[in-house]
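Values quoted throughout were computed directly from the atomic coordinates according to the rules given, and no laboratory measurement underlies them. Everything quoted here is computed from the prediction, not taken from an experiment. Counting neighbours? That spans all protein chains shown, and the Cβs are built from the backbone with ideal geometry, glycine included.
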Amino acid sequence: MTDTLLTLFSAALINNLVLHWPLGVDPLLGSKRRQVHALGIATTCLMLMAGVVGYALYRWLLVPLDLAALRLFVFLPLSVLLIAPLLKLLARLMPKLSFEGLWLLLAGNAGVLGVTLFNAQDDNGLFHATALSLGCGLGFWLVLSLFNDLRQRTFDNDVPLPFRGLPIDLIGAGLIAVAFLGFSGLIKT
């Protein structure tokens, strides 16, 4: 139980998928202000579902049939096929949030594929795969919210002309990554 919680916190804070591994950066730059939480919830749920189902397919179908080399060709369609039903379910459960237009951001998110590949690489069990998937999704949502807040603050302030737009966004992402680097001493193994 302790290892599962450590995996959850480590995936969310220390080994963050966006800041530590450069996966899932594209939705940071493409999300609109009002859809940040909808994108965070949808990505977290998609990472959880794709990670757990992908782990189950890999360990209980591909490995016994000696087809482990085809994992990429199984995980990519799996994550794409889960997007439409997930968005319909989330729109029904949370009608106040707008989940429209998130299909492309979810389909192009390399973090979802990265989570399924990380789960296939480490054989630590289904609970570990679930904790890793959930932690990566929550970490993505946290970074997305922080990055959106930083973008709003720089938009309202007087930023020099050469730094407006993408340059200040990249500088801010680097500063957030340095701040998250402070969590690396939090968990000692």
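Dipole of the chain, Cα-centred, from +1 at each Lys and Arg C-beta and -1 at each Asp and Glu C-beta, to the nearest 20 debye?
Numbers: 12 positive and 10 negative charges, 95 e Å.
The calculation lands at about 460 debye.
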Item to check | Order by protection proxy (mean Cβ within 10 Å, highest first), peptides 43-50, 145-152 | outcome: 43-50, 145-152
Checklist entry - In deg cm²/dmol, rounded to 500, what helix-only [θ] at 222 nm does the chain give when every DSSP H run of at least 4 residues adds -39500 (n - 2.57) and the total is split over its residues? => result -21000 deg cm²/dmol
Next on the checklist: As I understand it, the dipole of the range 7-185 uses +1 on the Cβ of Lys and Arg and -1 on the Cβ of Asp and Glu, about the Cα centre. Which of Leu61, Gly108, Leu126 lies farthest toward its positive end?
Outcome noted: Gly108
Checklist entry - What helices does the chain have that are whole DSSP H segments, at least 27 Å long along their own axis by Cα, and with mean Kyte-Doolittle hydropathy of 1.6 or more? => result 36-57, 71-93
Checklist entry - Which of these values of Cα extents along the principal axes in Å was calculated from the structure shown: [x] 44, 37, 34; [y] 94, 41, 26; [z] 59, 41, 29? => result [z]
